[in-house]
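Peer 1: Shown below is the structure under consideration.
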Amino acid sequence: MSGLNHLDAEGAARMVDIGAKADTARVAVAAGRITMSATAARAIADGAVKKGDVLAVARVAGIMAAKRTSDLVPLCHPLPLTRVTIDLVLDDTGVTATATCATSGKTGVEMEALTAVSVALLTIYDMAKAMDKAMAIGGITLLEKHGGKSGSWVR
């Protein structure tokens with residue numbers, strides 16, 4: 001099973017050994033979107049959702065999720081995050097979430113950024129589902145990453 005770094009010689013899953021890698025500054029940015037009815041978007045904008053401030057709660061949920069990524073994704077290393085930001089842009093048809101995660105370490109923060117966006121959007125769905133059960137989450141993607149041996153990548 002050579003060439004697959006998450007499998008050992010017998011084909012069993014393993015966490016990659018990053019012990020010999022150098023610490024470098026690493027940043028990743030991911031984004032995604034939840035679409036919804038104009039009525040639901042207006043309720044979020046007006047602060048009229050019964051569960052509370054949807055965007056504030058979603059922002060905190062995204063930050064918390066980034067910090068817990070290694071608990072959710074089995075082969076991810078736990079990382080000491082130095083920065084997590086969640087930007088939420090509300091318009092008439094939904095919310096676009098963008099997460100930026102940073103660390104200084106031996107492995108990248110792409111999974112943390114993707115997890116942060118996913119959970120922020122799921123939180124919006126949970127808080128607004130009484131108004132629009134047809135909301136749809138999609139387009140979750142890595143936009144850019146910087147640092148490490150492979151350097152920078154931008155979509």
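The values are calculated or read from the model by the stated rules, or taken from the named source; none is laboratory data. Quick caveat: nothing in here was measured; it's all calculated off a predicted structure. Cβ sites come from the backbone with ideal geometry, for glycine too, and all protein chains shown count toward neighbours. Just so you know, the surface numbers come from the protein's heavy atoms only, side chains and all, with ligands and any DNA or RNA stripped out. Shrake-Rupley method; radii C 1.70, N 1.55, O 1.52, S 1.80 Å.
Peer 1: What pairs come up if the first residue lies in region 47-73 and is closer than 11 Å to ALA113 by Cα, the second is part of a loop (DSSP other than H, G, I, E, B), and their beta carbons are under 7 Å apart, counting only those six or more places apart or on different chains?
Peer 2: Close Cβ pairs satisfying both conditions: THR69/CYS76.
Peer 1: Moving to a separate point now. If we scan region 79-93, do we find a residue that is surrounded by 14 or more Cβ atoms within 10 Å (Cβ to Cβ) and over 24 Å from GLY139 (Cβ atoms)?
Peer 2: Yes, region 79-93 has at least one match.
Peer 1: Moving on. Find the residue count for region 133-144, including only residues that are in contact with a Gly (Cβ under 6 Å, 6 or more places away or on another chain) and either crowded, with 17+ Cβ neighbours inside 10 Å or among the hydrophobic types (A, V, I, L, M, F, W, C) (or both). Give the steps one after another, and end with the answer.
Peer 2: Kept after step one, since they are in contact with a Gly (Cβ under 6 Å, 6 or more places away or on another chain), are these residues of region 133-144: 139-140.
Now narrow it down to the ones that are either crowded, with 17+ Cβ neighbours inside 10 Å or among the hydrophobic types (A, V, I, L, M, F, W, C) (or both): 140.
Of the residues in that region, 1 qualify.
Peer 1: What number of residues in region 104-155 are in contact (Cβ under 8 Å) with a residue 12 or more places away in the chain and of a type in the set (Phe, Trp, Tyr)?
Peer 2: Count: 1.
Peer 1: For ALA66, state whether it is open to solvent by less than 50 Å² (accessible area, probe 1.4 Å), modelled with pLDDT of 95 or more, among the aliphatic types (A, V, I, L, M) and in contact with a strand residue (DSSP E or B) (Cβ under 8 Å, 6 or more places away or on another chain).
Peer 2: yes
Peer 1: What is the one condition in (1) within 26 Å of ALA13 (Cα to Cα); (2) in contact with a strand residue (DSSP E or B) (Cβ under 8 Å, 6 or more places away or on another chain); (3) not small (Gly, Ala, Ser) that THR100 does not satisfy?
Peer 2: (1)
Peer 1: Still on this model: VAL73: of a type in the set (Val, Ile, Thr), modelled with pLDDT under 95, open to solvent by less than 50 Å² (accessible area, probe 1.4 Å) and within 30 Å of ARG14 (Cα to Cα), yes or no?
Peer 2: Details: of a type in the set (Val, Ile, Thr): yes; modelled with pLDDT under 95: yes; open to solvent by less than 50 Å² (accessible area, probe 1.4 Å): yes; within 30 Å of ARG14 (Cα to Cα): yes.
Here the answer is yes, as VAL73 does meet what is asked.
Peer 1: Of the residues that sit in region 1-37 and are open to solvent by 50 Å² or more (accessible area, probe 1.4 Å) and aliphatic (A, V, I, L, M), which one is modelled with the highest pLDDT?
Peer 2: Going through the qualifying residues, I end up with ALA25.
Peer 1: Separate question: Tell me, which strands (runs of 3 or more DSSP E) wholly within region 77-155 include 3 or more residues that are aliphatic (A, V, I, L, M), within 15 Å of the chain's Cα centre (by Cα) and more than 19 Å from ALA40 (Cα to Cα)? Even if it seems obvious, please write down each step before you answer.
Peer 2: On the way: elements: 81-91, 94-105, 136-146.
Filter on region 77-155 gives 81-91, 136-146.
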